[in-house]
């Protein structure tokens, strides 16, 4: 049994310690588990305070907890100033949490993050959010028997117990759905979907345009504007500028497939955006987080062999919602995706209070196969 007095908190303030912070999950997870190792190179870029534009409007501190010479846990505390200004809050976030199954370790990690945030005037602590809601968000609390889709979190079941025993409460549930190719075999669903899609396109004068990788890069300003308008009413949203959006988009631009990257236009004005990318997590697992020297080449050569998709964004601006444009996106993604050999798509995440979209997914026989929790702790006022 590890005692609190045996634990040491180390601030991550050197390149060597950052490397140790990034590599710590390899000490937690069995390589035969469903956990997907993060790409070390990508994590270094993400956590680079000098180069990631997120930190132009944010602060972060990171810590490792050691028992003797053994790293046994880690955490980051984040202040997203853009989020707090938009919501008029003083909320801090925690992310990148990993821990052995020991309450003393978890308590010390959360206490360290809480103190740092409280000293900077924060009243609440929420997470996990691995920087912001543009990144990995939510602790897995249901669906441990399936592999995580790209850019979603996987963690041991005991994490929830450690978090709740540290004083947190469950604040929000985010849902993950999975839609498999068998939907095309349903005698009613797809014929109705195609018919309704055709009616919508005729009635609303909407045109759906596929976007190539080059076009997407050229029109990143349009994509960013659409993202902000689409997401404005969603949980966790905060305004994202073009520089930040471009930085995040660069992480998946090589995975763009024109037929699955769609912009909806009405009278030549963009009103909706849908992006589905190949879920390359099975390939990432095989390269064990190493892009170099040969991992990147292996990833680039094999990503088209992915059999599943991840829908990372699908929505319509407020003025044109409830016209059925989302139905057109869904129909084209299903038909074109299965036509390319994809066998299903992860639809994560969705706010559990968004009953309209939940009902639409259920009608299409999408499986609500995962739940992600956001946990909150009151820090009080100093």
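What follows draws every value from the coordinates through simple rules; no lab data is involved. Quick caveat, the model's predicted, so the values are computed rather than measured. Note: ideal-geometry Cβ built from the backbone for every residue, glycine included; neighbour counts use all protein chains shown.
Miscellaneous remarks
- When segment 95-227 is reduced to its Cα atoms, the Kirkwood hydrodynamic radius in Å: 19.3 Å
- FRET efficiency estimate (nearest 0.05) - Cβ-Cβ, residue 165 to residue 189, R0 35 angstrom: 0.20
- Remark: spin-label model distance residue 119-residue 335 equals 5.9 nm, labels positioned 7 Å along the Cα→Cβ axis.
- Taking 16 Å as the cut-off, no amide N atom of segment 162-196 comes nearer than this to a point 7 Å along the Cα-to-beta-carbon line of residue 305.
- Placing a label point 7 Å from the Cα of residue 221 along the Cα-to-Cβ line, the residues of segment 234-270 whose backbone N sits under 17 Å from it are 240-247, 269-270.
- What the Cα convex hull of segment 215-270 gives, in volume per residue, is 101 Å³.
- Gap separating the Cα centres of segment 91-132 and segment 150-212, nearest whole Å: 29 Å
- The chain: angle of helix 189-204 to the longest principal axis, Cα-based, in degrees nearest 10: 80 degrees
- Available extension along the chain between residue 254 and residue 290 is 11.2 nm, counting 0.36 nm per residue and deducting the alpha carbon span.
- Structural descriptor for segment 23-83: relative contact order 30 percent, calculated from alpha carbon pairs under 8 angstrom and at least 6 residues apart.
- Ranking of 67, 87 by count of other Cβ atoms within 10 Å, fewest first: 87, 67
- Structure-derived P(r) over Cα pairs in 10 Å bins from 0, in percent - corresponding label in (1) 5, 19, 22, 18, 16, 13, 6, 1, 0; (2) 5, 18, 20, 14, 11, 9, 8, 7, 5, 3, 1, 0; (3) 5, 22, 33, 25, 12, 3, 0: (3)
- For 151, 351, order by how many other beta-carbon atoms lie within 10 Å, fewest first: 351, 151
- With contacts taken as Cα pairs under 8 Å at a separation of at least 6 residues, the chain carries a relative contact order of 23 percent.
- The stretch between residue 3 and residue 56, if pulled fully straight at 0.36 nm per residue, gains 15.2 nm over its current Cα-Cα span.
- Helix axis angle, 220-231 relative to the chain longest principal axis, alpha carbon, degrees: 80 degrees
- Order of 74, 307 - criterion: other Cβ atoms within 10 Å of each residue's Cβ, fewest first: 307, 74
- Note on segment 179-371: semi-axes of the ellipsoid equivalent to its C-alpha gyration tensor, largest first and rounded to whole Å, are 26, 21, 16.
- FRET E, pair residue 10, residue 30, Förster distance 30 Å, beta-carbon r, rounded to 0.05: 0.75
- Counting only Cα atoms, segment 1-140 measures 43, 32, 30 Å along its principal axes, largest extent leading.
- Note on residue 269/residue 70: beta-carbon distance plugged into 1/(1 + (r/R0)^6) with R0 of 56 Å gives a FRET efficiency of 0.45.
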